[in-house]
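K.L.:
Take this structure, written in structure tokens, and hold onto it; I'll ask about it next.
The values are calculated or read from the model by the stated rules, or taken from the named source; none is laboratory data. Please read these numbers as outputs of a predicted model, since none were measured by experiment. Note: ideal-geometry Cβ built from the backbone for every residue, glycine included; neighbour counts use all protein chains shown. Side chains are part of the model used for accessible areas, which takes the heavy atoms of the whole protein and leaves out ligands, DNA and RNA. Shrake-Rupley method; radii C 1.70, N 1.55, O 1.52, S 1.80 Å.
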Amino acid sequence: MSTFTLPVGRSDTAAFDTAAFDEPLPRGVGVVWVLVWCNVLTYSPEVSTLVHIPSVVGKALTQGCLVAAAVLALGLNGRGVIRRNTMLLLWSVLAATSLMMSLRLVGVGTTYRGFRLVAFVAVLWLLTRWFGEEEMVFVRLQRRVLLGIVASAALGFALSPSKAFGAHHRLNAVIWGILPTQLAHYSAELAGLTLILWACGLLRRRAA
């Protein structure tokens, strides 16, 4: 398993393989990552969107993305090759504990969410085959997904500024209902990730 170390206190970028960073991303893995993101991108009916989407439809779309991601991940990693990952191990314990607790006749909805959490973690385990690569696959994918979310919010603002700011005068994403606090979180993560990549010499100044 290859590692990607950040040299502390050095001004040069010799330790970085910029050519590897510019390699094309594996298409199938990118689709799985987008589907995983769509699964957690909860549709917020509180936001007045440009095109009204019923809450039931929004939930069905996001939850269906997890099923599609699991099927595609199994197809990409049919042999079940996984890599050790301490964080995912802790998440697996959390998911298993949550499922066991939900099976104690707490409710059908709770049990369903427990199975969804287990399926979500299972998809991440299948993706560990591509963790730690020099191409930094998931760092680049994460940045692209965040960029897409922020760009959609900007497009929504351009199309309808009044709806985008809403009653509380805080920017919402009105193409897909995303609350201001959630959108601010994604924007901050995108800005921080971009700054780090630019400081490390992995992202050109113009792109940053």
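K.L.:
Between Val93 and Ser48, what FRET efficiency comes out of the Förster formula 1/(1 + (r/R0)^6) with R0 = 35 Å and r the beta carbon distance, rounded to 0.05?
P.N.:
According to the calculation, E is roughly 0.30.
K.L.:
What dipole magnitude, in Debye to the nearest 20, does the chain give about its Cα centre under +1 on Lys/Arg Cβ and -1 on Asp/Glu Cβ?
P.N.:
My answer is approximately 320 debye.
K.L.:
May I pose another question? Of the candidates Val57, Val121, Val137, which one comes out as most mobile in a Gaussian network treatment of the chain with C-alpha springs shorter than 10 Å?
P.N.:
Of Val57, Val121, Val137, the Gaussian network model singles out Val57 as fluctuating most.
K.L.:
Once the whole set of protein chains is in place, how much accessible area is left on Phe165, using a 1.4 Å probe, in Å² to the nearest 10?
P.N.:
Near enough 80 Å² of accessible area.
K.L.:
Taking a ≥ b ≥ c as the square roots of the Cα gyration tensor eigenvalues, with a/c under 1.5 meaning rounded and otherwise prolate when a/b beats b/c, else oblate, which class fits region 86-208?
P.N.:
Oblate, because a/c is 1.5 or more while a/b does not exceed b/c.
K.L.:
If each DSSP helix of 4+ residues adds -39,500 (n - 2.57) and the sum is divided by the residues in the chain, what number results at 222 nm, nearest 500 deg cm²/dmol?
P.N.:
Using -39500 (n - 2.57) per qualifying helix, the result is -20000 deg cm²/dmol.
K.L.:
Distance from the Cα centre of region 150-190 to that of region 100-136, in angstrom?
P.N.:
Going from one Cα centre to the other spans 29 Å.
K.L.:
Under the Kirkwood approximation applied to all pairs of distinct alpha-carbon atoms, what is the hydrodynamic radius of region 163-208 in Å?
P.N.:
It is 12.0 Å.
K.L.:
Could you quote the convex hull projected area for region 33-97, Cα atoms only and averaged over all directions, in nm²?
P.N.:
Dividing the Cα hull surface by four gives the mean projection, 6.2 nm².
K.L.:
In whole percent, what relative contact order does region 79-196 give with Cα contacts below 8 Å and a gap of six or more residues?
P.N.:
20
K.L.:
Follow-up question, since we're still on this one. Could you pull out every Cys in the chain that lacks a partner Cys with its beta carbon under 4.7 Å away?
P.N.:
So, Cys200.
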